[in-house]
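Structure, as structure tokens:
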Amino acid sequence: MAVVIVWLVFHDPAIDYRLIAAGALLPDLVDGPWGGARLLHTLVFSAGLLALVMLATRRRRRDRRRWLALPIGTFLHLLLDGMWTHTHTFWWPFFGAAFHDRLPVLVHDPVVLGLEEAAGAVALLWAWRRFGLDDGARLSTFLRTGRLSREMVR
């Protein structure tokens, strides 16, 4: 969903959509093994990652443009997980240092989880068709660079 949201907002074929996806997956991949929503599910982490990218890419516009996709992905993860409803984790450490929340994907009712996964599958199918990824050359370019064909912008 993060890739589709970024496309619908920016309509920019030059964004590295692989980094958007990586940023959106990163919080669950890192926090998941620890048993719940932890540091990467906090606003502090995403804001800190954004600040780090901005500082690390000063005077390097191309690098900044590329690496901004990673914190955008982590912010979208927070949005799509509804983390703002988990006050203690989202606003950590301002409401205490302990983490108590399970991963949102593990808390949802199975019906809700099924609907979320179905929406994700529909978004994936839409993106595959919209971006013409059934064309081998386009798919190869996307996998190699993370970029979409400029002809996709209408």
#### Entry: the chain, accessible surface, carbon-and-sulfur percent (1.4 angstrom probe)
66
### Query
When only DSSP loop residues count, what chymotrypsin sites (Phe, Trp or Tyr not before Pro) in the stretch 14-120 have their Cβ near at most 16 other Cβ atoms within 10 Å?
W91, F94, F95
### Task
Treat every Asp and Glu Cβ in the chain as -1 and every Lys and Arg Cβ as +1, leave all other atoms uncharged, and give the resulting dipole magnitude about the Cα centre to the nearest 20 debye.
1080
### Query
Classify the stretch 14-110: rounded, prolate or oblate, from the alpha-carbon gyration tensor (a ≥ b ≥ c, eigenvalue square roots; a/c under 1.5 rounded; otherwise prolate if a/b is larger than b/c)?
prolate
### Message
Please give the charge dipole size of the stretch 30-110, origin at the Cα centre, charges +1 on K and R Cβ atoms and -1 on D and E Cβ atoms. Round to the nearest 20 debye.
### Response
860
### Task
Select from W91, V44, S149 the residue farthest towards the positive end of the dipole of the chain; place +1 on Cβ of Lys and Arg, -1 on Cβ of Asp and Glu, and compute about the Cα centre.
S149
### Helical segments meeting 27 Å axial Cα length and Kyte-Doolittle -0.5 threshold in the chain (DSSP H)
110-130
### Rounded accessible area per residue of the chain, 1.4 Å, Å²
61
### Task
Towards the positive end of the charge dipole of the stretch 1-88, with charges on Cβ (+1 Lys, Arg; -1 Asp, Glu), say which of A22, V9, T57 has the farthest Cα.
T57
### Query
Using a Gaussian network model of the chain with C-alpha springs under 10 Å, which one of L52, L19, L103 is most mobile by mean-square fluctuation?
L52
### Separation of the R58 and E116 label points, Cα + 7 Å toward Cβ, nm
3.9
### Query
Peptides 53-65, 131-143: what's the order by average Cβ count within 10 Å, highest mean first?
131-143, 53-65
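The values are calculated or read from the model by the stated rules, or taken from the named source; none is laboratory data. Just so we're clear, the structure is a prediction, and the values are computed from it rather than from any experiment. Don't worry about glycine lacking a Cβ; one is built from the backbone with ideal geometry, like all the others, and counts go over all protein chains shown. Areas reflect the complete protein model, heavy atoms only, side chains present, ligands, DNA and RNA absent. Shrake-Rupley method; radii C 1.70, N 1.55, O 1.52, S 1.80 Å.
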